1. Could you list all residues from the stretch 69-91 that are free of Cβ contacts under 8 Å to residues at least 24 places away in the same chain and not aliphatic (A, V, I, L, M)?
2. Being exposed (fewer than 13 other Cβ atoms within 10 Å of the Cβ) and under 30 Å from SER213 (Cα atoms), is that true of even one residue in the stretch 138-149?
3. Answer yes or no: is there a residue in the stretch 99-111 that is at pLDDT 95 or above, within 21 Å of PHE56 (Cβ to Cβ) and in a strand (DSSP E or B).
4. Within the stretch 179-188, can one find any residue that is surrounded by 14 or more Cβ atoms within 10 Å (Cβ to Cβ), touching a Ser or Thr at 6+ places or on another chain (Cβ under 8 Å), of a type outside the set (Gly, Ala, Ser) and within 19 Å of ILE130 (Cα to Cα)?
5. Which one is surrounded by the fewest Cβ atoms within 10 Å (Cβ to Cβ), of the residues in the stretch 46-83 that are in a helix (DSSP H, G or I) and of a type in the set (S, T, N, Q)?
6. Would it be correct to say that ALA104 is aliphatic (A, V, I, L, M) and within 29 Å of GLY241 (Cα to Cα)?
7. Applying the selection to the stretch 158-176, what residues are in a strand (DSSP E or B) and either touching a His at 6+ places or on another chain (Cβ under 9 Å) or not aliphatic (A, V, I, L, M) (or both)?
8. Out of GLY203, GLY241, GLY223, I need the residue that is under 25 Å from ILE126 (Cβ atoms), buried (at least 16 other Cβ atoms within 10 Å of the Cβ) and either more than 20 Å from the chain's Cα centre (by Cα) or polar (S, T, N, Q) (or both). Which one?
Amino acid sequence: MKKYLIVFVAFILLIPAFAYSDLFTFRVGYFIPRASMDSDLWQIEFENMDFKKSDFQDTVFSFSYEYFMNNQFSLILSLDSYNKKKMGIYTDYVSDIVDDEAFAFDYGQGNPISHIFTVSQTPISIGLKITPMGRRGGVIPYVGGAASLILFTVRIQGDMVDFSDPVEFWDVQREEWVIGYPVIPTDARVDNKLAFGWNVFGGVMFPIANRISIEGEFKYFVGSGDISDTFVDFTNHDLSGYQITIGVNYWF
């Protein structure tokens, strides 16, 4: 609810600019998270689970309003929305019950250990767009950059293995000591938190009617968010990524 309230307030603040806006754009496309291994949460998930980076690529929706300052320069206000939820399984460990408690072992025929990893982000950006050849003609290339306020959420829901608390057991069948790790039911989340970032973008618009054009755009986001309140001692979560979209422009 907090996320949608913030987005609603942001657009309410933009309403006074609508009368002066010269372009409205709706886009749909694909977001590809960078998911840097320097970010602890991404690293742990990819090292222990059967996740691949491609599992977190998904649809993105975008809206923007643009105010023309002159024939080459304009101010742009935009909102992008990406959300992905994926269930994964620990690749090297299974769960077994010892003394009524669940432990993870790196051998045996125990039960799979799984959890759901959710990531979402909604950057609200303000920036400068440049059309070096102007806005008249059959092809209108553009480039630009913007600063972003990013509303983001990360959540792990399910079972996690606590590798910080190993327990030694005597395995009767193997006749040797083995190491098990507690399996902990978890619902850890950083919900609707704010971070700062920036982006650069470029694309081409093609007029198809008096007030309508279509476009293709590539955008690169940079950002990271503090998650240490929930994931103690973790580095910032990487929010960066690449975005490829197609869009429809309406010219006022």
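The values are calculated or read from the model by the stated rules, or taken from the named source; none is laboratory data. Just so you know, these numbers come straight off a predicted model, no measurement behind them. Heads up, the Cβs are rebuilt from the backbone with ideal geometry, glycines too, and the neighbour counts pull from every protein chain shown.
1. Filtering the stretch 69-91 for residues free of Cβ contacts under 8 Å to residues at least 24 places away in the same chain gives 69-70.
Hit for the stretch 69-91 is ASN70, nothing else.
2. First pass over the stretch 138-149, keeping only residues exposed (fewer than 13 other Cβ atoms within 10 Å of the Cβ): 138-139.
Applying the additional criterion that residues be under 30 Å from SER213 (Cα atoms) yields 138-139.
Yes - at least one qualifying residue is present in the stretch 138-149.
3. Checking the stretch 99-111: not a single residue is at pLDDT 95 or above, within 21 Å of PHE56 (Cβ to Cβ) and in a strand (DSSP E or B).
4. No, the stretch 179-188 contains no residue that is surrounded by 14 or more Cβ atoms within 10 Å (Cβ to Cβ), touching a Ser or Thr at 6+ places or on another chain (Cβ under 8 Å), of a type outside the set (Gly, Ala, Ser) and within 19 Å of ILE130 (Cα to Cα).
5. Quick first cut of the stretch 46-83, residues in a helix (DSSP H, G or I) only: 46-48, 53-56.
If we keep only those that are of a type in the set (S, T, N, Q) as well, we get 48, 54.
Details: ASN48: 18, SER54: 9.
Applying the filter and picking the extreme gives SER54.
6. no
7. Taking the stretch 158-176 and keeping what is in a strand (DSSP E or B), we get 158-161, 167-171, 176.
Passing the criteria: GLY158, ASP159, MET160, GLU168, PHE169, TRP170, ASP171, GLU176.
8. Details: GLY241 fails: either more than 20 Å from the chain's Cα centre (by Cα) or polar (S, T, N, Q) (or both); GLY223 fails: either more than 20 Å from the chain's Cα centre (by Cα) or polar (S, T, N, Q) (or both).
On inspection, the qualifying residue turns out to be GLY203.
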